[in-house]
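First up is the structure itself, then whatever we jot down about it.
The values are calculated or read from the model by the stated rules, or taken from the named source; none is laboratory data. Just so it is clear, the structure is predicted and the values come from calculations on it, not from any experiment. Cβ placement follows ideal geometry from the backbone for every residue including glycine, while neighbour counts extend to all protein chains displayed.
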Amino acid sequence: MAIRAVVFDIGGVLEITQDLSPTRSQDSITRSWETRLGWPTGEIDERMREAWIGGSIGTVTLDEVHQALRDRVGLDDGQVAAFMADLWREYLGTANTELIEYARGLRPRYRTGILSNSFVGAREQEQEAYGFEDLVDDIVYSHECGMSKPDPRIYALTCERLGVRPDEAVFIDDYAPNVTAAGEAGLHGVHHTVNATTIEAIERLLGLSARQRRTGTTSRCDVPRCSRVTRMATSPLRRRIVYGFSLRRNAQNGQLPLAGTTMLFTRIMISWMWLTSSVALTMAALLALKSIRCRKGA
């Protein structure tokens, strides 16, 4: 079945963030505030646990989270504002520009979406910071739909809102259990680690040819240089030589195992020796033929 939609996670994928969890605030934030308040490590998360969980699936409002910080942590209005500013700064992280632009380039050929385990207020914050509503066709936030990954229902909801079947969708997440759950729900999962491998995995699922990826006619994929220079060679031997030098350069950059490159160069040298021998034999035969003709003429 052809792929019709590509769906991205946010934290750790479209945003470069620290390790986020929907059931707690950031360790660095809470520890900083616990130090300021003279509390032991983990005290704020323990007091705010229900608010963190409720905020991730929308059972509490943002105002109720603020009130919980007042009532359970004892912060005044100024401290609440400062705490939440710290929280959102780490929640938003920084833009993964390369992957965002790649996602932008998929439209309109494919339906695109976002599926995120979020926190109440995230839509407004992320729209202001990154304009995600303008990037994709639809966004499914856990705090708005009342369920979160890896619940299979949230994957079904995402596909329904994009108007595709699960087997027509690719889902990208940096958290392996969510990728596994997506696969069990019928989607094609991609575990994000680095941009280059993620983009390559997506493009394989989209069924794009190597030529299309090289020329950039269908997407912005970072293809190794060796795939491009091979196109310039015409004869089989020249292609092997050019490709071999490209592989060796990539191997020296840590992109390919050197042993495999050495084997390739050995084969190239054998081919070159065979070619040289063939040329020498041909020349010898021509000279012998010329000598025979000269004798007959005499």
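Every test in (1) surrounded by fewer than 21 Cβ atoms within 10 Å (Cβ to Cβ); (2) out of contact with any Asp or Glu (no Cβ under 9 Å at 6 or more places or on another chain); (3) farther than 16 Å from Gly11 by Cβ is passed by Ala181 save one, and that test is (2).
Looking across segment 86-106, just one residue is more than 17 Å from the chain's Cα centre (by Cα) and over 19 Å from Arg123 (Cβ atoms), and that is Asp86. For the criterion of being in a helix (DSSP H, G or I) and either farther than 25 Å from Glu126 by Cβ or at pLDDT below 95 (or both), Arg31 passes. Of all the listed residues (Ser118, Ser142), the sole one being in contact with a Pro (Cβ under 7 Å, 6 or more places away or on another chain) and either assigned by TED's automatic domain parsing to the domain that holds Glu50 or surrounded by 22 or more Cβ atoms within 10 Å (Cβ to Cβ) (or both) is Ser142. Residues that are assigned to a loop (DSSP other than H, G, I, E, B) and in contact with a Leu (Cβ under 9 Å, 6 or more places away or on another chain) within segment 110-135 comprise Tyr110, Asn117, Phe119, Val120, Gly121, listed in sequence order.
Among the residues of segment 90-109, those that are at pLDDT 95 or above and among the charged types (D, E, K, R) comprise Glu98, Glu101, Arg104, Arg107, Arg109.
Taking helices (runs of 4 or more DSSP H) as the structural unit, those lying wholly within segment 138-191 and holding at least 2 residues that are in contact (Cβ under 8 Å) with a residue 60 or more places away in the chain correspond to 142-145, 152-162. Hey, could you check segment 192-224 for residues that are in a loop (DSSP other than H, G, I, E, B), closer than 19 Å to Arg111 by Cβ and hydroxyl-bearing (Ser, Thr, Tyr) and say which is modelled with the lowest pLDDT? Top of the filtered list is Ser219. Please determine, by comparing only the residues of segment 116-154 that are out of contact with any Ser or Thr (no Cβ under 6 Å at 6 or more places or on another chain) and hydroxyl-bearing (Ser, Thr, Tyr), which one is farthest from Arg104 (Cα to Cα). So the residue we want is Ser116. Counting only residues that are of a type in the set (A, V, I, L, M, F, W, C) and part of a strand (DSSP E or B), segment 76-109 holds 1 of them. Every condition in (1) within 13 Å of Ser118 (Cα to Cα); (2) modelled with pLDDT of 95 or more holds for Pro22 except the one numbered (2).
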